[in-house]
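Everything below concerns the one structure shown next.
Since every read-out is calculated from the coordinates, none of them should be taken as a lab result. Model, not experiment: these values are computed from the prediction. Ideal geometry is used to build each Cβ from the backbone, glycine not excepted, and the neighbour counts take in all protein chains shown.
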Amino acid sequence: MSLDTDESSSTPNLFAPRYKRVFTGRNGLAVSIVSSVALIGVLVALFFWAPGSATVRYYYFNGHYMWQSFVGHPKTGLLSVGKGFLTNIWMCLLCEVLILILGLGVAWIRVSRSPLLAPFRVLATAYTDVFRGVPLLLVVFLVGFGLPALGLGVLSSQSPDVYGCVALTITYVAYVAEVFRAGIYSVPNGQILAARSLGLTHGTIMRRVTLPQAVRTVIPPLLNDFISLQKDTALVSVLGAIEAVRAAQIYESTVFNGSGLVVASLLFLAITIPLTRFTDRLLDQDRRRRLASLS
Amino acid sequence: MSDVVLQLDQVVKRFGDNEVLSGVSLTLHRHEVVCLIGASGSGKSTLLRCANLLESIDAGTITLFGQSLNDERIDPDLVRRHIGMVFQSFNLFPHLSVLENILLGPVRALKRDREEVHAEALALLERIGLRERADDFPDRLSGGQQQRVAIVRSLAMRPALLLLDEVTSALDPTLVGEVLDLLRDLAANGTTMLIATHEMNFARDVARQVAYLDRGVLVEQGTPEEIFTRPRHESTRTFLERVR
């Protein structure tokens, strides 16, 4: 085969074929609008044409019941899903603070090299292995019903909210510790070499060089875990803590209408969607910055 | 005190079965510049890393100010505070400003007064013409500027010697000059340096001694004149012909 460039052919054809041109250029916007409308139309039509559509709409999407379950009804003793949701919010915020602190601590122990910390390294590894593997629901059961059964004074006489928070924290610390650890390992080795050749100690390098860079790279994955945590506060309902889902269930069994569950879903979405969008934007910025630094 | 700063004696370094340094001996005197030349993979970088204990050695001795670094009581962190090192890829800390990059070592490792070091750092930046970039982050600087800041970061530790590991190899050809000029300036002012380099003209200009490394063996060492015009060994001659 010749290594020369091809000089035989005359002017090559550079036009896109007709079928490709339909979807590109000025047509792009129109095509995407048509396809969106078509898709959404099909889904909505399917929902209304389904044989049980009327029942579902009455049972889950009834405006009157949705509003009533949201605000509650003190006279008849109906609990407010909205108020219950406040419990989800404070649980998630409190847990997140604990999770970040403890997760960083566990990660720090796992990457440490001091012989003094050797037993803690083994413990930390076992801990993350176990709690990343056990389903959160089981941890909630074990903590929520196990700790009170132990009969250990203060430890055994807390409210379901507290046990719920403990279970969430224990599980999420294991996840978040691994995120931090991955972030620490993602810092280029040259950074560590440069810091070491300045005569900085291991601890100082960790605090001043490694962690500040690691934290920056793990913010998006940490936000992802925060979003999951926010949703998983609903699992605490199995312990009887009155949060949004529990309140909606109580409403459902009292009034025989499940619209409260949809209200709870909407409340969760109101928090998670903006957070997800925000995380995506951060990830996008990060990716663009990385691409820019390559060129 | 003798004026020998660093001495390597029969240093052997292996990575697994691969012997990277096979009994290298080298002496660096105060105010002296020694250039290490040799093909990529000849062991230049490893030698520099061994010298400030970033790598452990398998045999031989390294002596700094007459003290053997093989001694178990040696604290590597203390050793490195006396030895500056500059890398091929700059390795500035991207989350710190130029000024903070320079302050980190003196303030956190040497526990020196921040204000005092601050003034010194600005003076050093002034000297390399980057005073007004003090508050910029490294990614706003060109490669040549970053490397000059990295050199100044090492100098701020007031090291007894400077190790430079192919500091111009990652730079655009147009930016090599400004970095080499700074090194020439340092050499003229008596900074003790051990320089691994591919810049033969530079080595000829600034080095008191040039050492040629080939696959972990220090084949020959001499003045630039001896190495570049009358190399005694066939392999040195071949290498020089190839890089020319």
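Per-peptide packing, taken as the mean over residues of other Cβ atoms within 10 Å, places B:53-65, A:100-112 in the sequence A:100-112, B:53-65 from highest down.
How much of the pair distance distribution for the stretch A:1-152 lies past 27 Å, counting alpha-carbon pairs only, in percent?
Here the tail beyond 27 Å accounts for 69 percent of pairs.
Stokes-Einstein, applied to the Kirkwood radius of the stretch B:1-104 over Cα pairs at a viscosity of 1.306 mPa s and 10 °C, places its translational diffusion at 104 µm² s⁻¹.
Tell me, rounded to the nearest percent, the portion of alpha carbon pairs in chain A spaced more than 34 Å apart. More than 34 Å apart: 47 percent of the Cα pairs in chain A. Between the Cα long axis of helix B:143-155 and the first principal axis of chain B there is an angle of about 90°, rounded to the nearest 10. Which angle from 0 to 90°, rounded to the nearest 10, does the C-alpha axis of helix B:173-188 make with the longest principal axis of chain B? Helix B:173-188 sits at roughly 90 degrees to that axis. When each full DSSP H helix of chain A is screened for a Cα extent of at least 30 Å along its own axis and an average Kyte-Doolittle hydropathy of at least -1.0, the helices passing are A:27-49, A:81-111, A:160-186, A:259-294.
Once C-alpha pairs closer than 8 Å and six or more residues apart are averaged by separation and normalised to the residue number of chain B, the relative contact order reads 27 percent.
Using only the C-alpha atoms, the convex hull of the stretch A:25-115 corresponds to 258 Å³ per residue. Each of residue A:201 and residue A:47 was given a label point 7 Å from its Cα along the Cα-to-Cβ line. The distance between the two points is 6.1 nm. The mean sequence separation of alpha-carbon pairs under 8 Å and at least six residues apart, normalised by the residue count of the stretch A:163-295, gives a relative contact order of 23 percent. Count charges around residue A:203 for me, please; just the other residues with Cβ under 12 Å from its Cβ, Lys/Arg as +1, Asp/Glu as -1. Spelling it out: positives minus negatives among the neighbours equals +3.
Over the C-alpha trace of the stretch A:152-295, radius of gyration and Dmax come out as 21.3, 71 angstrom.
Can you tell me how the stretch A:229-295 classifies by the Cα gyration tensor, rounded, prolate or oblate, using a/c under 1.5 as the rounded cut? Prolate.
When the Cα atoms of the protein assembly as shown are aligned to their principal axes, the ranges along those axes come out at 102, 84, 49 Å in descending order. Spin-label pair residue A:216-residue A:273: with each label point 7 Å from Cα along the Cα-Cβ axis, the two points sit 3.3 nm from one another.
With a cut-off of 9 Å between beta carbons, the residues surrounding residue B:165 carry a summed charge of +1, where Lys and Arg count +1 and Asp and Glu -1. Classify the stretch A:62-159 as rounded, prolate or oblate, taking a ≥ b ≥ c as the square roots of the eigenvalues of its Cα gyration tensor: rounded when a/c is under 1.5, otherwise prolate if a/b is larger than b/c and oblate if not. Prolate shape, in that a/c is at least 1.5 and a/b is the bigger ratio. In plain terms, if you count all Cα to Cα distances in the stretch B:24-168 and split them into 10 Å steps from zero, the share in each step is 10, 38, 33, 16, 2 percent.
Distance between the modelled labels on residue B:27 and residue A:253, one decimal in nanometres: 9.1 nm (7 Å Cα→Cβ projection). Counting only the Cα atoms, chain B fills a convex hull of 134 Å³ per residue. The angle between the Cα long axis of helix B:234-243 and the longest principal axis of the Cα atoms of chain B comes to about 40 degrees, rounded to the nearest 10. If we count every other residue with Cβ under 14 angstrom of residue B:122's Cβ, Lys/Arg +1 and Asp/Glu -1, where does the sum land? After counting each charged neighbour, the total is -3.
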